[in-house]
Amino acid sequence: MGNQVEKLTHLNYKEVPTADPTGMDRDEGPRIGVSYIFSNDDDELEQQQQDSVAQDMGGEHPAPQPYDPRLQEVECSVYYRDECIYQKTFAGDDTLSTYTPENLLNRCKPGDLVEFVCQAQYPHWAVYVGDFQVVHLHRLEVVNSFLTDASQGRRGRIANYLYRYKPLSPATVVRNALEQVGCKDRELSWRNSECFAAWCRYGKREFKIGGELRIGKQPYRLQIRLGDKRSHTLEFQSLEDLIMEKRRNDQIGRAAVIQELSSHLQATFVASHPTPSPQRI
């Protein structure tokens, strides 16, 4: 296999082993997550999917759909051992509110992380470097673009407060981003735009490809909120793998994630509680 980067098709939840197969758990039994060791940049995958849809529609790309974060996005928390290092929740302030690219520009400061969101697409992250420009990983290359161009018409938000790591100084964040402009293909150390942007702001090797060894116990947990005080937990050996799963969940949408988990948990519950055979008297 060597250094070749290959795509790995995501297993659905029915094909992933579960630590506690007793049904809908309330943070009681974490489940081992999917490894994405040989996955490509999801922007590249998304573009291929969009091109395929456009071909089916006679060359026309589908119009963007109205976007409601509360309906589309999955509330979740990420833990490294017992420490919460990421949290997305709609409770409380308006941190997850989204804005048009033009309005977002008025809110950005150099060093800010920007997340562009749209229904049925992977979130796209960028680093605002000033002068209306961002640096971002796009289709296997780190590029410098105007924020409005990078958005591709998607709404966006400032994403500084999702990760709970201590940020570097704004000047260092901007320098980290600008120094990587032009890197592409095999030169890249990040598998998607979120890992690149987060590395620029926090400087942690965990966001890089191969930054952690995938051996031993899974120290990372992705807690997915299902509503009604219910949640489900997945375990991962690396933050990189966890981010890939989290991004996939946002791409397929909240309803699809809940449906997948419900089907998986119901199937494992039935398998672990077979109907007893009738006894003859």
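The values are calculated or read from the model by the stated rules, or taken from the named source; none is laboratory data. The shown structure was predicted, so the numbers you read here are calculated from the model rather than taken from an experiment. Ideal geometry is used to build each Cβ from the backbone, glycine not excepted, and the neighbour counts take in all protein chains shown. Calculation scope for accessible area: heavy atoms of the full protein, side chains included, ligands and nucleic acids excluded. Shrake-Rupley method; radii C 1.70, N 1.55, O 1.52, S 1.80 Å.
Select from segment 235-260 the residues that are assigned to a strand (DSSP E or B) and more than 23 Å from Glu115 (Cβ to Cβ) and list them in ascending order.
Glu235, the sole residue that qualifies.
Only residues that are closer than 21 Å to Arg248 by Cα and outside any loop (DSSP other than H, G, I, E, B): list them for segment 195-217, please.
If the condition is that a residue be closer than 21 Å to Arg248 by Cα and outside any loop (DSSP other than H, G, I, E, B), then Cys195, Phe196, Ala197, Ala198, Trp199, Glu206, Phe207 are the ones that fit.
Residues that are within 20 Å of Trp190 (Cβ to Cβ), modelled with pLDDT of 95 or more, open to solvent by less than 40 Å² (accessible area, probe 1.4 Å) and in a strand (DSSP E or B): does segment 99-111 have at least one?
No; the residues of segment 99-111 include none that is within 20 Å of Trp190 (Cβ to Cβ), modelled with pLDDT of 95 or more, open to solvent by less than 40 Å² (accessible area, probe 1.4 Å) and in a strand (DSSP E or B).
Testing Tyr128 on (1) touching a residue at least 40 places away in the same chain (Cβ under 8 Å); (2) touching a Gly at 6+ places or on another chain (Cβ under 8 Å), one condition comes back false. Which one is that?
(1)
So which residues in segment 187-217 are aromatic (Phe, Trp, Tyr) and surrounded by fewer than 21 Cβ atoms within 10 Å (Cβ to Cβ)?
Result: Tyr202, single match.
What number of residues within segment 218-234 satisfy the criterion of being open to solvent by 40 Å² or more (accessible area, probe 1.4 Å) and either in a strand (DSSP E or B) or under 14 Å from Glu260 (Cα atoms) (or both)?
Total satisfying the criteria: 3.
In segment 128-178, which residues are part of a helix (DSSP H, G or I), open to solvent by less than 10 Å² (accessible area, probe 1.4 Å) and within 21 Å of Gly203 (Cβ to Cβ)?
Val173, Ala177
Restricting attention to segment 249-269, which residues are modelled with pLDDT of 95 or more and either among the hydroxyl-bearing types (Ser, Thr, Tyr) or touching a His at 6+ places or on another chain (Cβ under 6 Å) (or both)?
none
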